[in-house]
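These notes are about the structure you will find just below.
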Amino acid sequence: VAAANAARAATETGQLDGGEQSEQLEEAAWEETLRSESDLLFECLQLMFLGRTKVSSLTRVAAFCKRIAECALCWPPKTAVRAIEFIHRLLIKYPALDRMLSSEEQAGCGLYLRDLDDPDMCNPFATCLFELHWLQIHYHAGVQAATARLLNYAKSEQKKHRL
């Protein structure tokens, strides 16, 4: 939108001819419609878990939370930050997920089976989100900061529940 407005303003002041304006307007329209795969992923996840009034099963949410944390270890920094922020929003909406932040409390018994296709059957509460501790020492400062915010939030929530 900003590029399109700039092209129109440049044409009005005589800086661009009609051909250059149409090229810039096409480019601006392309940039507006083009969306990255990570944008689509997080929009779908938000609609699935945060945008509905119907609450998803806690086991399913925990399984997706664990899988997103695993993927964040390999994703580029901007996408990893978005993943951490999404996990943060999940922890706010589903406070029972804080069980996955402690390695001392095992919320479930058995094994976490990450390769199962059905997230309801993978037993996510048998593990913890240890990936967050790896993300704390990530090479990118933005990822480190997002992880620190999430873990600080989790610590403050755990203190509230103990009081």
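Residues of the range 108-151 being open to solvent by 30 Å² or more (accessible area, probe 1.4 Å) and β-branched (Val, Ile, Thr), which ones?
Correct list: Thr127, Ile137.
Is the range 47-60 home to any residue that is charged (D, E, K, R), part of a loop (DSSP other than H, G, I, E, B), at pLDDT 65 or above and open to solvent by 80 Å² or more (accessible area, probe 1.4 Å)? Write out each step before concluding.
Filtering the range 47-60 down to residues charged (D, E, K, R) leaves 52, 54, 60.
Still in the list and also part of a loop (DSSP other than H, G, I, E, B): 52, 54.
Retained after the next criterion (residues that are at pLDDT 65 or above): 52, 54.
Okay, now just the ones that are also open to solvent by 80 Å² or more (accessible area, probe 1.4 Å), so 52, 54.
So far as the range 47-60 goes, yes, one or more of its residues are charged (D, E, K, R), part of a loop (DSSP other than H, G, I, E, B), at pLDDT 65 or above and open to solvent by 80 Å² or more (accessible area, probe 1.4 Å).
Mind telling me which of the residues Glu43, Glu105, Glu37 ends up being modelled with pLDDT under 85, charged (D, E, K, R), surrounded by fewer than 16 Cβ atoms within 10 Å (Cβ to Cβ) and more than 20 Å from Cys128 (Cβ to Cβ)? Steps first, answer last, please.
Values: Glu43 fails: modelled with pLDDT under 85; Glu105 fails: more than 20 Å from Cys128 (Cβ to Cβ).
Within the list Glu43, Glu105, Glu37, the selection yields Glu37.
Conditions (1) open to solvent by less than 50 Å² (accessible area, probe 1.4 Å); (2) among the hydroxyl-bearing types (Ser, Thr, Tyr); (3) closer than 14 Å to Leu151 by Cβ; (4) assigned to a helix (DSSP H, G or I), marked per residue:
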residue	(1), (2), (3), (4)
Ile68	yes, no, no, yes
Trp75	no, no, no, no
Lys78	no, no, no, yes
Arg82	no, no, no, yes
Leu91	yes, no, yes, yes
Ala96	yes, no, no, yes
Arg99	no, no, no, yes
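The values are calculated or read from the model by the stated rules, or taken from the named source; none is laboratory data. Nothing here was measured: the structure is a model prediction, and the numbers come from that model. Please note: Cβ atoms are built from the backbone with ideal geometry, for glycine as well, and neighbour counts cover all protein chains shown. Protein only, heavy atoms only, side chains kept; ligands, DNA and RNA dropped before computing areas. Shrake-Rupley method; radii C 1.70, N 1.55, O 1.52, S 1.80 Å.
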